[in-house]
């Protein structure tokens with residue numbers, strides 16, 4: 001069902017790229033191992049011995065720590081000079097080399113019961129990197145479950161306060177369990193972490209102008225998952241209405257996230273779908289609504305330097321006029337992940 | 001008729017060995033004198049008129065004299081004769097030597113020249129161990145199945161192993177092809193001619209391959225024969241097809257036999273080298289096909305291991321009725337099961 005739908009939509013949207021993406025989506029995905037700073041384990045050495053590398057420190061050119069210096073990234077056909085881009089610090093994620101299909105073994109707990117790494121789609125790290133969490137920032141993760149990205153954010157060790165929210169209660173309890181498996185209790189106290197189960201779309205009424213950084217990783221058609229799992233599939237007939245109203249829900253969530261951000265703060269919108277309807281179109285819609293309904297001016301921050309930096313690990317869709325998108329490819333079977341960064345000017 | 005008998009008798013004389021029960025090939029059409037060693041053909045021409053009944057009751061001798069001399073007399077060059085002699089000497093038991101000469105004679109009667117025979121035995125030393133009677137029977141069987149003169153010799157010389165296969169096995173493969181796969185007799189003969197190794201294939205594998213191509217790929221018998229499908233391994237066929245299918249370039253025909261795209265022809269998929277297949281048919285990079293083969297091999301191995309059992313994980317019951325599945329991240333404890341989390345549609 002999902003496949004038919006994708007064939008119809010994406011062959012038009014992605015053109016010649018679609019066959020390569022299609023075969024990658026239908027084949028086993030590739031994972032990355034997010035290293036857990038709070039654990040002490042020999043697992044990591046073993047992994048490195050097998051050939052894994054941290055893709056973040058192995059990007060082309062270095063992430064800028066100081067925003068005043070110009071990025072030295074020059075990669076391929078780029079006539080415009082990439083503007084400096086800061087990334088969240090301290091995040092490390094091991095991946096096997098390009099074309100290597102070795103699987104990660106499950107992580108084992110150390111003597112304190114904390115796991116040494118968390119397996120996730122390495123491309124999922126990109127939105128957290130792009131969010132650029134800096135020392136003592138307050139961060140809101142609006143759709144946080146199952147918790148991988150929240151965990152990434154905590155790895156930066158720069159978050160003064162993290163609010164992790166998800167609509168579903170059972171999913172937030174899963175989120176709690178994830179965090180407890182990785183982060184020492186001392187860092188999960190109420191003054192550092194708040195886990196809530198509110199409807200994200202109403203956040204504008206709960207808290208406004210409250211966070212330095214907001215991550216809006218919205219529910220979407222989860223393309224890869226929808227192709228492989230029949231259970232409760234979003235493309236089933238019983239969920240047609242829900243699926244069709246996704247873009248609207250996504251725009252509402254993004255708008256709420258924007259409202260929750262302090263002026264001068266950043267919002268990062270991300271999805272795991274290839275669909276332009278749920279990606280660029282949603283961003284444009286939310287930006288427009290923010291201006292029209294709330295008089296908020298937003299600036300799009302180009303993620304081109306990020307894409308260039310990690311083009312040796314991921315395949316990015318070329319010529320996206322708004323945001324960046326990791327597309328699946330057999331030799332680098334990560335994604336799909338779409339990301340777009342906005343800055344609140346007013 | 002007479003010529004045929006004479007040839008055999010002449011050979012017997014020459015070899016000083018009379019096998020009791022060499023069966024005379026029923027459909028032996030012509031004996032090309034030019035295929036015989038020149039010494040023999042001269043003899044043949046000379047002795048036709050001198051046929052006497054006594055020739056038909058030649059003295060039986062129990063042991064054959066396998067010697068370089070006898071090999072040379074059959075028409076082998078010195079080099080070839082030495083090689084043959086060595087190979088046979090190295091084989092265990094005196095029986096090898098006893099049978100070799102009659103085995104060789106059967107091959108000559110088939111119409112093969114000494115060089116071909118030598119190459120054949122070099123390629124397939126197992127032939128030494130096949131009794132001449134069996135050998136003759138198998139050749140006859142192949143003739144019955146439609147391998148006509150010319151084809152028969154070509155097939156045997158390219159794939160001598162076919163003569164080491166018991167008649168029963170050949171029969172069961174042929175029966176399978178005719179009755180289960182509904183190939184015509186003519187088609188079966190062509191398959192034997194073009195892909196003789198089919199007689200050695202496991203019937204289950206053969207069935208899977210046929211059904212895969214027939215149902216999954218929607219290809220009919222005639223095309224299978226034309227493309228020499230049975231020359232290719234199941235894995236090869238499956239891999240190339242699955243690559244195309246997942247790229248969206250090959251569709252299984254529906255009940256009416258229709259597809260919304262034009263499928264590439266089986267010939268164009270199989271009978272090209274990997275580079276051409278990847279670049280032209282699949283329109284992909286070599287790197288993609290490379291990784292794909294590895295991934296698929298692993299998939300199959302795991303399917304086999306699990307015998308198609310449904311994978312279910314008790315921790316995986318986090319599905320909500322109203323919520324989206326935001327599952328691009330997997331629970332740590334699932335580890336490997338996260339990789340296998342798929343139920344193919």
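Between residue B:251 and residue B:304, the modelled label-to-label distance comes to 3.3 nm, taking each label 7 Å out from Cα in the direction of the beta carbon.
Result for chain A in a Gaussian network model with C-alpha springs under 10 Å: among A:297, A:134, A:278, the largest mean-square fluctuation is at A:297. Classified by the C-alpha gyration tensor, the stretch A:190-345 has an oblate form. Its axis ratio a/c, with a ≥ b ≥ c, is 1.5 or above, and a/b does not exceed b/c.
Across the stretch A:2-344, the mean sequence separation of Cα contacts (distance under 8 Å, 6 or more residues apart), normalised by length, yields a relative contact order of 21 percent. For the stretch A:193-213, the residues whose amide N sits under 12 Å from a probe point set 7 Å from the Cα of residue A:262 along the beta carbon direction are A:209-213.
State the extension gain, in nm to one decimal, for the chain segment bounded by residue B:287 and residue B:260, taking 0.36 nm per residue of separation less the distance between their alpha-carbons.
Working: separation 27, 0.36 × 27 = 9.72 nm, distance 2.84 nm.
Here the answer is 6.9 nm.
Mind giving me the FRET efficiency for residue A:13 and residue B:167? R0 is 60 Å, r the Cβ-Cβ distance, nearest 0.05 is fine. Result of the calculation: an efficiency of 0.50.
Using the Cβ-Cβ distance between residue A:209 and residue A:48 with R0 set to 41 Å, the FRET efficiency from 1/(1 + (r/R0)^6) comes to roughly 0.40.
In this rough spin-label picture, where each label sits 7 Å from Cα along the Cβ direction, the residue B:236-residue A:292 distance is 6.2 nm. Structural descriptor for the stretch B:154-261: relative contact order 23 percent, calculated from alpha carbon pairs under 8 angstrom and at least 6 residues apart. The mean sequence distance of close C-alpha pairs (under 8 Å, at least 6 residues apart), as a share of the length of the stretch B:229-291, puts its relative contact order at 27 percent.
Top mean-square fluctuation among A:127, A:219, A:336, Gaussian network model of chain A, C-alpha springs under 10 Å? Greatest mean-square fluctuation among the candidates belongs to A:219. Take the Cα of residue B:211, go 7 Å toward its beta carbon, and the backbone nitrogen atoms of the stretch B:164-191 under 19 Å from that spot belong to B:173-183.
Placing a pseudo-label 7 Å from each Cα along the Cα-to-Cβ vector at residue B:141 and residue A:199 gives an inter-label distance of 7.7 nm. Between residue A:232 and residue A:321, full extension at 0.36 nm per residue minus the direct alpha carbon distance yields a gain of 28.7 nm.
The alpha-carbon atoms of the stretch A:228-295 define a convex hull whose volume equals 101 cubic angstrom per residue.
Partner shielding of B:243-250 amounts to 5, given as the average count of beta-carbon atoms from other chains within 10 Å of each residue beta-carbon.
For a protection proxy built on the mean count of beta-carbon atoms within 10 angstrom, sort A:285-292, B:133-140 highest first, please.
Packing order, densest peptide first, comes out as B:133-140, A:285-292.
Calculate the mean, over all residues of peptide B:286-295, of how many other protein chain Cβ atoms lie within 10 angstrom of the residue's Cβ.
The shielding value for this peptide is 5.
Once a ≥ b ≥ c are taken as the square roots of the eigenvalues of the Cα gyration tensor of the stretch B:178-217, is the result rounded (a/c under 1.5), prolate (a/b larger than b/c) or oblate (a/b not larger than b/c)? Oblate. Taking the stretch A:106-128 and a reference point 7 angstrom along Cα→Cβ of residue A:188, the backbone N atoms nearer than 19 Å belong to A:107-120. Taking every residue in A:16-29 and counting other chain Cβ atoms within 10 Å of its Cβ, the average works out to 6. Indicate the gyration tensor shape class of chain A (rounded, prolate or oblate), computed on the Cα atoms with a ≥ b ≥ c the square roots of the eigenvalues: a/c under 1.5 is rounded; otherwise a/b larger than b/c is prolate and the rest oblate. It comes out rounded by the Cα gyration axes. Name the most mobile residue of A:148, A:335, A:15, meaning the one with the largest mean-square fluctuation, in a Gaussian network model of chain A with Cα contacts below 10 Å. Highest fluctuation among the options: A:15.
Rule-based calculations on the coordinates, nothing more; no lab input. Just so it is clear, the structure is predicted and the values come from calculations on it, not from any experiment. Please note: Cβ atoms are built from the backbone with ideal geometry, for glycine as well, and neighbour counts cover all protein chains shown.
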